[in-house]
Amino acid sequence: MVKDLQQQHNTTPYGTVSYPDATKLLRPQSIKGPGVFVVIVLAIIAMVIGGIMVYKAADSVYFSEVRKADTIQQNLELDSPYDFPQIKDYIASSNALDVLSALNSKYTMVPLASEAESASGFDYFKLPENATKDEGIAALKKGIGGMDILAASKLLNGGWRITMDLANYQDLKIRYCDLKATSIEGAILNAIHTQGFDGDNCEMTKEGIDESGNTFKSGTIELDDETYFWRVSALKFNDAYSISGLPDNAVYVGIRMTN
């Protein structure tokens, strides 16, 4: 009898089908007692986890770019000495390996060419003082133009490329990025002075702009009663390499001596 009454209360007959009474489900739902504390704790945990995920996402995208930009700026502003050798001290050598050995004893150098160095020539990059050899090898594996701005801002400030080719005649070159240049002319004059091409045994015989758009000055130098030729040329670095992010005033300078 009780069971029949309960069944009548919980169901609504409709023809031969009885439907459950959903009245209780429609009542306002609320959490009371300890359940409220549990919900609050779970909500706080969810907020913390969500905040951590948002921070990590922001850190990996926005803040990492901010740190990268700061590092690049610090690299460019670092007073890193180039410490150039005077190539007139090595131009008369008949063995490129002897020159490379002398340079390796003074500087941290990494190879740029895929071919191994030999008695007839080499192609190396001198690293700045704040860069390790492993960093240099990794950054320069695709050449100077293959560096990203982060690596370039570090290696080009105080770094330079030196090549020697004795296959046909004596040919020695240094190329570098002058990050502190105020003009192309100023960068050329600074290189001439650094190499001692403005001494009493030197003469400037020609200057202008060559067929490649380089501004240059060239001349002769007398060494041990023999005449050698020197040339210093320059252009905007951004016209030589497409490494976006370097200062607009940066100048790419080439210093060359031949016999």
*If you go through region 64-121 one residue at a time, how many are within 17 Å of the chain's Cα centre (by Cα), aliphatic (A, V, I, L, M) and at pLDDT below 90?*
2
*If the Cβ limit is 7 Å and pairs must be 6+ apart or interchain, which residue in region 202-220 that is over 18 Å from D239 (Cβ atoms) and in contact (Cβ under 8 Å) with a residue 12 or more places away in the chain pairs with which residue that is open to solvent by less than 30 Å² (accessible area, probe 1.4 Å) and not in a strand (DSSP E or B)?*
K217/I188; K217/I192; G219/F197
*Does region 92-101 include one or more residues that are open to solvent by 50 Å² or more (accessible area, probe 1.4 Å), in contact (Cβ under 8 Å) with a residue 40 or more places away in the chain, in a loop (DSSP other than H, G, I, E, B) and closer than 30 Å to T227 by Cβ?*
yes
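For (1) over 27 Å from S93 (Cα atoms); (2) without any contact (Cβ under 8 Å) to a residue 40 or more places away in the chain; (3) surrounded by 14 or more Cβ atoms within 10 Å (Cβ to Cβ); (4) in contact with a strand residue (DSSP E or B) (Cβ under 7 Å, 6 or more places away or on another chain), each residue gets a yes or a no:
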site	(1), (2), (3), (4)
P128	no, no, yes, no
K142	yes, yes, no, no
M147	yes, no, yes, no
L150	yes, no, yes, no
S153	yes, no, yes, no
W160	no, no, yes, yes
M164	no, no, yes, yes
*Of the residues in region 205-222, how many are modelled with pLDDT of 95 or more, surrounded by fewer than 18 Cβ atoms within 10 Å (Cβ to Cβ) and out of contact with any Phe, Trp or Tyr (no Cβ under 7 Å at 6 or more places or on another chain)?*
4
*With the checklist (1) within 28 Å of N190 (Cβ to Cβ); (2) open to solvent by 10 Å² or more (accessible area, probe 1.4 Å); (3) free of Cβ contacts under 8 Å to residues at least 60 places away in the same chain in hand, flag the one item G136 doesn't pass.*
(2)
_All positions within region 118-129 that are in contact with a Leu (Cβ under 6 Å, 6 or more places away or on another chain), part of a loop (DSSP other than H, G, I, E, B) and of a type outside the set (A, V, I, L, M, F, W, C)_ = S120
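The values are calculated or read from the model by the stated rules, or taken from the named source; none is laboratory data. All values derive from a computational prediction rather than experimental measurement. Note that each Cβ is placed from the backbone with ideal geometry, even for glycine, and that neighbours are counted across all protein chains shown. The accessibility values were calculated without ligands, DNA or RNA, using every heavy atom of the protein model including side chains. Shrake-Rupley method; radii C 1.70, N 1.55, O 1.52, S 1.80 Å.
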